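Notes for the one structure printed next.
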Amino acid sequence: MTITTIGFQHMQNESGTKCSILTALVQPAPPELIGKCQVVVSGAKSLLVMSTNSVPITIAMKRTKLDSIFACMNTDSSFLSHVQSEQKLLKFIIPNEAGYMIRNDIFEERLRGCSGIHKVVGLVEPMEFVHWPQFPQQGLSQLLRAAVCCILIDDDGDSYTQLENTIQSQLIEQLSLQWTSPKSINMRRLAVVGEVRQINASWRFFKAAHALGVKVVAIGPRGHWLGKGGAVKLAPREAFIEIDMTADDGLSRRISNAIQGYNRPIHGLTTVTEFLLIPVAQAAECLGLPTSPSESFAKSVNKHNTRSELSPDSCRLVSSLDGLISQITSNERNALPPGPPWIVKPCFGWHSLGVHKVTTLQGLIEAVGKVSRQTAFSRTGEISKDSGWQTDVLIEEYCDGPEVDCNFVLLRGEIIFFEVIDNFPCTAESSEGNADSDNFKETLNVFPSTLPPSEVATLQKALHQAILRLGFRSGVFHVEARVRNSSHQYQPGGDGEPLDLRPNPIHPAHDASVFLIEINARPPGYVDTCATAYTNGVDLFALHILIALRDEYRLRALSQPHQARRHVAISAIQAEKSGVVASDDPWKDLAERSPTLMSRVMDPIMNFGKGDIIEDPQLSTTPWLAAFTVYSLTSRAETLSICDQVKDDFECKID
């Protein structure tokens, strides 16, 4: 194999780590050179034999780095592969300044989906010290040894100049952050409690921890998948500690005892599971580990307390059906919030389960009767024998303005990252306006929001203050809200264009204001967090980990979004009927049938596998069959079009 340097330039990036880009053409070695060359492998080192001007050059290089370079070229590091591989165009990133890698897969994360880039492979270990070559005058050999990333360029037929300009601008836009730290980074250990998601919907959290150089100690119940050996590869963790996870008053003590009994120091404690936020914070307080106040979490998981922070007159709390009837018959003024329609939901709950939209007083009475018997944080809605898991009922005013999801990252009260996502009308809102509904499954989320900047600023200011009033100062927050009197509404476009958030032809009579739904003091769901990473280059899982460890330098660095944000959408697919899943792998089947279409799909997941039983899909307690994320570098309209194509072509057999 021969490598020929065809370009070298310093990247003009004012806000990020200074670096240079080496462009090289890799070609099969000519027969006359093969006889002169050999590859010698000894222990952890390899000698890579190359040629410029037909003169062999030997380069001492770590075997792991050598293997990574060939992985980028979609081959392996055997000598036959070297000499028989086809021509490849590669770019290598070389740091111009010394520092420690803040995340070793930062290039794969930030450059994913870039036009003209086929594959990105990092060449460094977590927290590795990197620097400009000590003897750059020695040329190619020193530059390659110092490289931190290898990029395989697509050969799509464009002219080299056009391709080069496209890639160079993307590198500047996507790498506009400090990806090295001037100070060394110490290994930290984080305890993660109660991972309720399966591995296909949680592995990126553990991948982020590994890339940050953070060792994970998982804490959970007996039989949990994290306690099994096969999970280590996809979800790296140092250990699994089994404890009784019964959600009672002693849970926080059992968590703190498990950490105190571990034979190595633990520097942080966290969870992403809603009903564990309070006991985990209490355990951290007991151990003196970084945390937000447990009292703040107690307010945030209580939807009535959260709503009262911004709009106390828009909701009422009742503990039973008798309590509701008593309020109604009392003839007290404002016994109910403005309505109908009303929203009825559990005061403690998740996944929009047990949420009802009602349009009559009789419908309100029936909905309160159902929810008052519901078990908190239950997917099935079954009634628990443990009265401690009963939930009060929240009756809310219904706001018909566009719904949004807002993700905040705060550090000591300061907003260091913020985004707004358009949350399309849910299943219940797609029904007739005068019909009651108990199905609030989300249908489509689109990044970034198309709301005007003035309304985005209104959301940011009002919701930031609501988070602070709960007592939080640092953390990742997923906030749901609506914009009352918005200048935009959901409507189809002309010429058959799909439903989207578009300017309202009738200008609202009042200024836009914020209608708070809930504040979740944790990252959003798995698919949503992945979509934020694609849209902005910001991994909220990584930031959640760093907040638990109070690693402020890396927290600020990794909160910097792309200069140019992509159009991204999350969509769900509902099963057509109940039954047993008969398909082996619907996403793999779609990739084989439509590889070009699937190249625009990221992180597709299945909530059901072959042999699983799907209950009535119209029930709010039945999860979506599948979910996926798509992106476009061109437009929001193209993103919506790709979503429709994927849903049309997706096939899953259900017997």
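At a threshold of 8 angstrom on Cα-Cα distance, excluding pairs fewer than six apart, so keeping six or more, what relative contact order does the chain reach in percent?
It rounds to 10 percent for the chain.
Just tell me which lysines come within less than 21 Å, Cα to Cα, of K345; anything on the same chain fewer than 8 places away is out.
Straight-line reach from K345, under 21 Å: K299, K303, K357, K370, K385, K441.
Using amide H atoms built in the peptide plane, which far-off residues or other-chain residues are under 5 Å from S181 H to H?
Here the answer is Y100, M101, I102, since their amide H atoms fall under 5 Å of that of S181.
Helix 160-174 against the longest principal axis of the chain: what's the angle in degrees, Cα atoms only, rounded to the nearest 10?
For 160-174 against the chain, the angle is about 50 degrees.
In square nanometres, what is the average projected area of the Cα convex hull of the range 461-560?
So the Cα hull casts an average projection of 8.5 nm².
Of L555, P586, V568, whose Cα points farthest to the positive end of the dipole of the range 548-588 (charges on the beta-carbon: +1 Lys, Arg; -1 Asp, Glu; origin at the Cα centre)?
Selected residue: L555.
Work from the charge dipole of the chain (Cβ charges, +1 for Lys and Arg, -1 for Asp and Glu, about the Cα centre) and give the residue of L234, L140, T529 farthest towards its positive end.
The Cα lying farthest towards the positive end belongs to L140.
Starting from the amide H of R522, placed 1.01 Å from N in the peptide plane, find each other amide H under 5 Å away whose residue is 5 or more places distant or on another chain.
Counting only residues 5 or more places away or on other chains, the set is H478.
What is the Å³ per residue value for the convex hull set by the Cα atoms of the range 250-299?
71
Calculate the radius of gyration of the Cα atoms of the range 575-655 to one decimal place, then report Dmax, the largest Cα-Cα distance, as a whole number, both in Å.
Computed over the Cα atoms of the range 575-655, radius of gyration and Dmax are 13.5, 40 Å.
For the range 499-632, what is the Kirkwood hydrodynamic radius in Å, using each pair of distinct C-alpha atoms?
18.3
Take Y262, project a point 7 Å from its Cα along the Cβ direction, then tell me which residues of the range 228-251 have their backbone nitrogen under 14 Å from it.
236-243
P586: net charge of surrounding residues, Cβ under 13 Å, Lys/Arg +1, Asp/Glu -1, itself excluded?
Around P586, the charge tally is -3.
I'd like the FRET efficiency for N485 and N334, computed as 1/(1 + (r/R0)^6) with the beta carbon distance as r and R0 of 30 Å, rounded to 0.05.
The pair N485/N334 has a calculated efficiency of 0.85.
Based on the Cβ-Cβ distance of A509 and S319, what FRET efficiency does E = 1/(1 + (r/R0)^6) give at R0 = 45 Å, to the nearest 0.05?
Rounded to the nearest 0.05, the efficiency is 0.75.
Compute the FRET efficiency between Q465 and R593 as 1/(1 + (r/R0)^6), taking r as their Cβ-Cβ distance and R0 = 41 Å, and round to the nearest 0.05.
For R0 = 41 Å, the calculated efficiency reads 0.25.
Pairing the Cα long axis of helix 277-287 with the longest principal axis of the chain, what angle in degrees results, from 0 to 90 and rounded to the nearest 10?
70
List the GluC sites (Glu not before Pro) within the range 582-655 that DSSP assigns to loop and that have no more than 11 neighbouring Cβ atoms inside 10 Å.
Listed in order of number, the matching sites are E651.
Determine the dipole magnitude for the range 196-297: charges of +1 sit on the beta-carbon of Lys and Arg, -1 on that of Asp and Glu, nothing else is charged, the reference point is the Cα centre, and the result goes in debye to the nearest 20.
Dipole of the range 196-297, to the nearest 20 debye: 640 debye.
Let's see if you can work this out: charge +1 on each Lys and Arg Cβ, -1 on each Asp and Glu Cβ, no other charges. What is the dipole magnitude of the range 136-276 about its Cα centre, in debye to the nearest 20?
920
Can you find, among A509, I102, C347, the residue farthest towards the positive end of the dipole of the chain? Put +1 on the C-beta of Lys and Arg, -1 on that of Asp and Glu.
Comparing the listed Cα positions along the dipole, I102 ranks first.
Run the quick spin-label model on Q87 and N165: label points 7 Å from Cα toward the beta carbon, then report their separation in nm to one decimal.
For Q87 paired with N165, the spin-label model returns 2.3 nm.
How many Å² of accessible area per residue for the range 120-269, probe 1.4 Å?
45
For labels at A298 and R473 in the simple 7 Å Cα→Cβ model, what's the distance in nm?
2.0
How high is the relative contact order of the range 568-651, given as a whole-number percent (alpha carbon pairs under 8 Å, six or more residues apart)?
Once divided by the residue count of the range 568-651, the mean separation gives 44 percent.
Of all the accessible heavy-atom surface of the chain, with the other protein chains kept in place and a 1.4 Å probe, what percent is carbon and sulfur?
50
Which ³J(HN,Hα) values, rounded to whole Hz and listed in residue order, are derived for the range 554-570 from phi using the Karplus coefficients 6.51, -1.76 and 1.60 in 6.51 cos²θ - 1.76 cosθ + 1.60 with θ = phi - 60°, glycine and proline given as x?
Going residue by residue, I get 5, 4, 5, 4, 7, 8, 7, x, 4, 5, 10, 8, 8, 9, 10, 9, 10 Hz, with x marking Gly and Pro.
Once both axes come from the Cα atoms, what is the angle between helix 526-536 and the longest principal axis of the chain, in degrees from 0 to 90, rounded to 10?
60
For the range 312-319, in order, what is each residue's ³J(HN,Hα) by Karplus, 6.51 cos²θ - 1.76 cosθ + 1.60 with θ = phi - 60°, in whole Hz (x at glycine and Pro)?
x, 7, 9, 8, 9, 10, 10, 9
Which value, in debye to the nearest 20, describes the size of the charge dipole of the chain about its Cα centre when Lys and Arg Cβ atoms bear +1, Asp and Glu Cβ atoms bear -1, and nothing else is charged?
2560
In the range 554-650, what trypsin sites (Lys or Arg not before Pro) fall in a loop by DSSP, with at most 16 other Cβ atoms inside 10 Å?
Answer in residue order: R565, K577, K610.
Whole-Hz ³J(HN,Hα) for each residue in the range 616-632, computed from phi via Karplus 6.51 cos²θ - 1.76 cosθ + 1.60 with θ = phi - 60°, x for glycine and proline: what do you get?
3, x, 7, 6, 5, 7, 8, x, 4, 5, 7, 8, 7, 10, 10, 9, 9
For a quick check: with amide H placed at 1.01 Å from N, whose amide H comes under 5 Å from C149's, ignoring anything fewer than 5 positions away on the same chain?
HN-HN under 5 Å from C149: I93, L123.
The values are calculated or read from the model by the stated rules, or taken from the named source; none is laboratory data. Computed from a prediction, not measured in an experiment: that's the story for all the values here. Positions of Cβ are generated from backbone atoms using ideal geometry, with glycine treated the same way; all protein chains shown enter the neighbour counts. Note: accessible area is taken over every heavy atom of the protein model, side chains too, but ligands, DNA and RNA are not part of it. Shrake-Rupley method; radii C 1.70, N 1.55, O 1.52, S 1.80 Å.
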